[in-house]
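A.B. asks: Sharing a structure below in structure tokens format, with a few things to ask.
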Amino acid sequence: MGIVSLLLCSCAPVLDRQLMREGQRNVSFNELRSNPDAYRGRLFILGGLIVEARFTEQGSQLEVLSVPVDSYGYLKESERPSGRFLAVYPKGKALLDPIVYKRGREVTLAGEFREIRKGKIDEMEYEYPVFEIRQVHLFEEQQYYNLYPYPYYYPYPYYPYPYWYNPYWGPWPPPPGWW
């Protein structure tokens, strides 16, 4: 029973199923910039890496480096980023705290396209597509552990000094010239 529920949960979309069905995924920002009136008010499913989160007069704002998403809302890690967009969560709904929604976190959201806003990335002028967030999903932070830190010291109690230890060679020194 536990395996079945695990499989069902692992295939669940990260956002509401209705939003996932209604929303358009993997939109070209060049199309939005060239004809913003045709897309205004449409729902999009977007994902990416947070560049910056801050509070503005309109509400919480996320600047996101866009990465295409799959049909469940997970980021396609093999895909390249396709530009940046701004996502605004209106004041009346809730706040997206910049300490939680910090730089580098992965996010997927459902948002309605509102406008194209001019801004800057460092010194370069940039036109940001702006979306009003209807629902947002913040992925867990990735934690990486080095299971075999270098150098591989493995002290034996009956030797006066530690030998190198490597899981491929065992508790004896590596062969000469391996490095």
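A.B. asks: With the stretch 14-108 as the region, which helices (runs of 4 or more DSSP H) entirely inside it contain at least 2 residues that are out of contact with any helix residue (DSSP H, G or I) (no Cβ under 7 Å at 6 or more places or on another chain), at pLDDT 90 or above and under 17 Å from ILE133 (Cβ atoms)?
C.D. replies: Hits in the stretch 14-108: 17-22.
A.B. asks: Only residues that are under 17 Å from THR56 (Cβ atoms) and touching a Pro at 6+ places or on another chain (Cβ under 9 Å): list them for the stretch 71-115, please.
C.D. replies: If the condition is that a residue be under 17 Å from THR56 (Cβ atoms) and touching a Pro at 6+ places or on another chain (Cβ under 9 Å), then ARG84, PHE85, LEU86, ARG114, GLU115 are the ones that fit.
A.B. asks: Identify the single condition in (1) part of a strand (DSSP E or B); (2) surrounded by 14 or more Cβ atoms within 10 Å (Cβ to Cβ); (3) without any contact (Cβ under 8 Å) to a residue 60 or more places away in the chain; (4) not hydroxyl-bearing (Ser, Thr, Tyr) that PHE113 does not satisfy, given that it satisfies every other one.
C.D. replies: (3)
The values are calculated or read from the model by the stated rules, or taken from the named source; none is laboratory data. Quantities reported herein were computed from a predicted structural model and do not represent experimental measurements. Note that each Cβ is placed from the backbone with ideal geometry, even for glycine, and that neighbours are counted across all protein chains shown.
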